[in-house]
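All remarks here apply to the structure that follows.
Any read-out appearing in this document is the output of simple, stated calculations on the displayed coordinates, not a laboratory observation. As the structure is a prediction and not an experimental result, all values here were calculated from the model. Every residue, glycine among them, receives a Cβ derived from its backbone with ideal geometry; neighbour counts consider all protein chains shown.
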Amino acid sequence: MTFSPELEARFAKMLESYPPGRTRSAVVPMLLYAQDEVGHISHELIEEVARRCKVTPLQVDEVVGYYSMLHKKPQGKVHVQVCTNISCLIDGGEELFQHASKTLGIGNKETTPDGQFSLEEVECIGACSWAPAIQMNYDFHHHVTPEKLDKLIDELRRKQ
Amino acid sequence: MSDINLTIDGQAVKAAPGTLVINAAKQVGIEIPSFCYYDGLQSVAACRMCLVEIEKTPKLQVACTTPVAEGMVVRTESPTVREARKGTIEFLLTNHPLDCPVCDKGGECELQDMTFRYGAGESRFVEQKLHVDEQQWSPVVFFDAPRCILCYRCVRVCDEGMGVNALGVINRGAHAEIAPNHFDHLECDECGMCIDICPVGALTSGMYRYKTRPWEMHHVGTICTHCSNGCKTTLGVRNNQIIRGNNRDQSGINGEFLCIKGRYAFDFVHSPERLQSPMLRKNGALEPVSWAEALSAVAQKLKEVKARGGKFAVIGSNHTTNEENYYLQKFAREALGTASIDHHRTGDVPTLLDALSGKTGALATTDDLYNRKAILVIGSDLSQQHPFLAFQIRANYRHHNAHIYTVTAGPVREQKQAVRSIMTIPGQELEDVESLRDQLKAEPELVIVFGDAIKGDGVHKLVAFGDSLGIPVKYVCLVDYSNSRGASDMGLSPRLGPGYRPVSEPGLAYDEILAAADLDVFWVVGANPLKQNALASEKAFVVVNEMFLTETALRADVVFPAASAYEKNGTVTNVCGEVQRLKAGLQVMGTKPDLEIIGLVSKEMGINIGIWTHDKVFDEIRTSVHGYNIPLPIVASGGAAQTTPVNGHVPASSRPDLIQSSRDTLFTSGSLGRYSKTLSSVLEAPGGLYSGERP
């Protein structure tokens, strides 16, 4: 499996940045960056990362299963992550999540049939001061209300 | 460092520094319950069952990772501890299906026992249980995730114990489950260690599952008949059928260890191809006949050939007991009057004993491989050919940080632990060993384990090398089969009698027997020499004791159906010279042990060469075979006693050209392996030597 030249360069540098014999340390960052490029973590990707980091595919799979930000199923083009942890919960995060689910017509960890959106209820994303907060791919949106969310989704739909 | 004093449940306890509380308690007979703690494997403190109260510590502590400290006061039965155990069991049972009535483990399950002893009678959880369907990972390993309590024992034994690392844990929290190395299946040694070590019924065996309740079997501790390591395997037998093999009681030299052969490859016993009636050649074809007819046909022929001074030859077995081998050579030498007796030699034991003349304590035991500070392996893929010896060496490295050296013709698993590995070219082993001289000299002691690459003169050179190091050196000469060593010791040899006594008039050796055109009678006991060779003598009357119609049996004039090692009593000697007892677990209709067959033939011939019960013959061996005067109570009680080496020169060349390992892998076992369905059913079979690590 090969990646874009930029990513390949990044991986090459990554593998050199750990002490000798510690290539397994690169498993998590390699998975994260590769997921961004490939879209999700496939069997093929797991085997490739294992080969590059000199661990067994099962050891990579253990990591993938442990971290909720690594996805084995393909995500939507926009991955909507609604925080329902304490601060957001108090400020209506739970209702926001229910609303998002209704608007998009999908449940937690599901993807719309057209593959444009996926939804996930996530733990704290570190934006407590601006609760309730959501994250769309890597973009943060603060003080989100149901109306604001609908607008955001509408805009994105139109762009696509 | 002096012992540490502590108090456990009011009892004063002395323990060595570093002892874990759980073990200190065990010393004084206090059991602290635990699931994940397992002697010899790393502690993970995953199950929380061993929580105890330690004075001056605010919270309960896990006894499996807490080392003893001076003045420590531990309570293992306080109300708080009892409450905690109840809670832990309640948590462990949250998603457990409680399907004990149909679970293989029911009746011998640690979770059942703990719940019975420490658990609460009821659960407060009313939520729906998580269910995951059962998975089959290989023909011998099944996994039922809901029963799993995530103690990590299987993961650790596969990684640390076996060095295979085929199991892991995926997902997290309540969804965490054990996973095999190839997404939906296993590629590993298929040893089943994970199944035996599982405290619950999560990992089950393909051979055993849903066959029986454990209390319906009787358990027979005997010795595995496949390789030369001599592992104790406990056969679970019901209605004259072996249903499982394991060693959960950790008795015997091998502790909990067994490979796929010891655990699963007993099924050849029940093969439909098993011979259950004597066969006699009539009008050119082998036909089943009665024992009486077959015995009299053989006895008549033998008497007739003996009377006219005809030529006899015998090839004995690497699988039969010491008693049978002893009795066979006695029969050949005394009743038939021939010295032409041999067996398939797989290691040069006679030359090693010769080279060690005058030394005592120079033969290593299996225990030495676990305890000695340095091990040198020459010319063997130990993990494939001698899995228990490899297990001992791995454990030695893990527990004692032993220095391991390998000199092999290809990649082997032991290299992972080795301080130095040399890839050698076959034939150059000794030169490469020489290059390790300075490093080996610096070791306090050494065990040298060598395969058939070193034989004849090479053995003398190797021992000279060992002597020149100036440190105590012990040796293991690797041989292949369950009683290869015994066959050699009992004198299945044309030049050497029992105990390596010289023979005044040597007979024909293995190759000479097969090449002799004028052979009148050729008797083969439990061997298959005609698989690769032809028998030159066309007129030879061939008698074969066999379990199956092998290539050799097909050429026979009379075939006696032989009992397997699992169907007879007696002793066998393993690769390290340790004598252990075989115990009959069952009988297969129509077969007889080789000892009885030989006895009956000699009786039919009207020749008395002594009583043919195994204990009488063993008595004779103990008094007449050098080195076998071993303590009877040890062997009789199922222990292993090492034979003492001959302390004088072995007066004959060992014919190094005849010494050839059969190069069996973990998944082959000579002729026996062909009739074990399980052994050949796994994905990895037949495997190969020196193929290194599997992906």
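Across peptide A:56-69, the average count of Cβ atoms from other chains found within 10 Å of a residue's Cβ is 5.
Kirkwood hydrodynamic radius computed over the range B:96-249 comes to 16.8 Å, based on all pairs of distinct alpha carbons.
Here the range B:37-69 and the range B:521-565 have alpha carbon centers that stand 60 Å from each other. Restricting the calculation to alpha carbons of the range B:225-298 gives Rg and Dmax of 17.8, 53 angstrom. Over the C-alpha trace of the range B:4-92, radius of gyration and Dmax come out as 12.1, 35 angstrom. Taking amide hydrogens as placed 1.01 Å from N in the peptide plane, the amide H of B:Gly168 sits under 5 Å from those of B:Ala179, each at least 5 positions away in sequence or on another chain. The convex hull defined by the C-alpha atoms of the range B:448-568 has an orientation-averaged projected area of 10.0 nm². Projected onto the charge dipole of the protein assembly as shown (+1 at Lys/Arg Cβ, -1 at Asp/Glu Cβ, origin at the Cα centre), which of B:Gln42, A:Ser17, B:Val476 gives the Cα projection farthest towards the positive end? Going by the Cα projections, it comes out as B:Val476. When all alpha carbon pairs of the range B:91-148 are counted in 5 Å bins from zero, the resulting P(r) reads 4, 16, 25, 25, 19, 8, 4, 1 %.
Within chain A, A:Cys53, A:Cys124, A:Cys128 have no other Cys Cβ under 4.7 Å of their Cβ and so lack a disulfide-compatible partner by this rule. Using only side-chain charges placed at the Cβ, +1 for Lys and Arg and -1 for Asp and Glu, the dipole size of the range B:379-470 relative to its Cα centre rounds to 380 debye.
Across every direction, the projection of the convex hull enclosing the Cα atoms of the range A:5-66 has a mean area of 3.9 nm². Evaluated at q = 0.10, 0.12, 0.18, 0.19 Å⁻¹, the base-10 log of the normalised Debye intensity for chain A, with identical point scatterers placed on the Cα atoms, takes the values -0.44, -0.61, -1.05, -1.10. Expressed as a whole percent, the proportion of Cα-Cα pairs in the range B:587-640 lying more than 13 Å apart is 68%. So which residue, out of A:Glu95, A:Glu62, A:Glu123, gets the largest mean-square fluctuation from a GNM of chain A using Cα contacts under 10 Å as springs? Looking only at A:Glu95, A:Glu62, A:Glu123, the biggest GNM fluctuation is shown by A:Glu62. Normalised by residue number, the volume inside the convex hull of the Cα atoms of the range A:78-159 is 76 Å³ per residue.
For the peptides B:528-540, B:15-27, B:280-292, the ranking by mean Cβ contacts within 10 Å, running from highest to lowest, is B:15-27, B:528-540, B:280-292. Once C-alpha pairs closer than 8 Å and six or more residues apart are averaged by separation and normalised to the residue number of the range A:5-66, the relative contact order reads 28 percent.
Equivalent-ellipsoid semi-axes (√(5λ), Cα gyration tensor) for the range B:544-623, whole Å, largest first?
Details: eigenvalues 102, 67, 31 Å².
Whole-Å semi-axes of the equivalent ellipsoid: 23, 18, 12.
State, as an integer percentage, the relative contact order of the range A:17-160 based on alpha-carbon contacts under 8 Å between residues 6 or more apart. Result for the range A:17-160 is 19 percent.
How big, in percent, is the set of alpha carbon pairs in the protein assembly as shown lying more than 54 Å apart? More than 54 Å apart: 25 percent of the Cα pairs in the protein assembly as shown.
Give me Rg over Rh for the range B:575-695, both radii from the alpha carbons and Rh done the Kirkwood way, two decimal places. Write down the numbers at each step before the final one.
Numbers: Rg = 19.7 Å, Rh = 18.9 Å.
Radius of gyration over Kirkwood radius for the range B:575-695 works out to 1.04.
Taking chymotrypsin sites (Phe, Trp or Tyr not before Pro) across the range A:75-140, the ones in a DSSP loop with at most 12 further Cβ atoms lying within 10 angstrom of their Cβ are A:Tyr138.
Normalising the Debye intensity of the range B:349-478 to I(0), with uniform scatterers on Cα atoms only, and taking log10 at q = 0.12 Å⁻¹ returns -0.38.
Determine the sum of side-chain charges near B:Asn322: Lys and Arg each +1, Asp and Glu each -1, restricted to other residues whose C-beta is under 14 angstrom from that of B:Asn322.
On the way: positive: B:Lys330, B:Arg485, B:Lys568, B:Arg581, B:Lys616, B:Arg622; negative: B:Glu323, B:Glu324, B:Asp489, B:Glu578, B:Asp594, B:Asp615, B:Asp619, B:Glu620.
Net charge in that neighbourhood comes out at -2.
Put the Cα centre of the range B:405-459 next to the Cα centre of the range B:81-117 and the gap is 49 Å.
Can you compute the charge dipole magnitude of the protein assembly as shown about its Cα centre, using +1 on each Lys and Arg Cβ and -1 on each Asp and Glu Cβ, nothing else charged? Give it in debye, rounded to the nearest 20.
Here the size comes out at about 1220 debye.
Magnitude of the charge dipole for the range A:5-66, about its Cα centre and with charges confined to Cβ atoms of Lys, Arg (+1) and Asp, Glu (-1), is about 360 debye.
Counting Lys +1, Arg +1, Asp -1, Glu -1, what net charge surrounds B:Val305 among other residues with beta carbon under 9 Å of its beta carbon? Can you show the working numbers first?
Details: positive: B:Lys301, B:Lys303, B:Lys306, B:Arg308, B:Lys311; negative: B:Glu304, B:Asp520.
Cβ neighbours under 9 Å give a net charge of +3.
By DSSP, the beta bridges lying fully in the protein assembly as shown are antiparallel in about 55 percent of cases. For chain B, the alpha carbon positions stretch 92, 58, 46 Å along the principal axes, listed from largest to smallest.
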